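Scroll down for the structure; my scribbles are underneath it.
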Amino acid sequence: MANLPAFDDNNFDEEVLKSDIPVVVDFWAEWCGPCRLVAPIVEELSEEYNGRVKFGQLDVDSSPGIASRYGIRSIPTLMIFKNGEEVGRLIGARPKNHLVKELEPHIG
């Protein structure tokens, strides 16, 4: 998929919940067509917000524990975490400006 860090059941708490900067998690799966549309947008944003926001992907098929914990029922789902808490969620393929609008209020 995209060239982003992979989050999974083993590293999610450390990489996402304990992060000192906001984190955007792209919940996706290899078979998901809309996920392929969102991935380049997320990768582009990861470059634009480098150092201010951490971006990564979580494959719901290989890490069902985290997907279940957060009630992920549709993919792609983009979740924004800050200080270990969910502060935003976008479900489905959305244009870049929708993610930016959701993300901006949470950047310090």
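Structure notes:
- Taking other Cβ atoms within 10 Å as a rough exposure proxy, 91, 72 sort from fewest to most as 91, 72.
- Multiplying the residue separation of residue 52 and residue 13 by 0.36 nm and subtracting their alpha-carbon distance yields 12.2 nm.
- Calculated mean projected area of the Cα convex hull in nm² (choose from (i) 6.8; (ii) 8.0; (iii) 5.8), label: (iii)
- For the range 15-108, applying the loop criterion from DSSP together with a ceiling of 16 other beta carbons within 10 Å to the trypsin sites (Lys or Arg not before Pro) yields 18, 52, 73.
- Net charge dipole size for the range 8-108 [Lys, Arg +1 and Asp, Glu -1 on Cβ; Debye, nearest 20]: 440 debye
- MRE, 222 nm, helices only [DSSP H, n ≥ 4, -39500 (n - 2.57), over the chain, to nearest 500]: -8000 deg cm²/dmol
- Centre-to-centre, using Cα atoms only, the range 21-37 and the range 73-90 are separated by 11 Å.
- Built amide H within the under 5 Å cut-off of residue 92, gap 5+: 77, 78
- Here the range 38-56 and the range 92-108 have alpha carbon centers that stand 11 Å from each other.
- Fewest-first sequence of 23, 38 by Cβ atoms within 10 Å of each Cβ: 23, 38
- Between residue 104 and residue 62, the contour length at 0.36 nm per residue exceeds the Cα-Cα span by 12.1 nm.
- At R0 = 30 Å, FRET efficiency that the Cβ-Cβ distance of residue 97 and residue 73 yields, to 0.05: 0.75
- Take every pair of alpha-carbon atoms less than 8 Å apart whose residues are at least six positions apart; their mean separation over the length of the chain yields a relative contact order of 36 percent.
Only the coordinates and a few stated rules stand behind these numbers; no lab work does. A quick note: this is a predicted structure, and the numbers were derived from the prediction, not measured. Here Cβ is always computed from backbone atoms with ideal geometry, including for glycine, and neighbour counts include all displayed protein chains.
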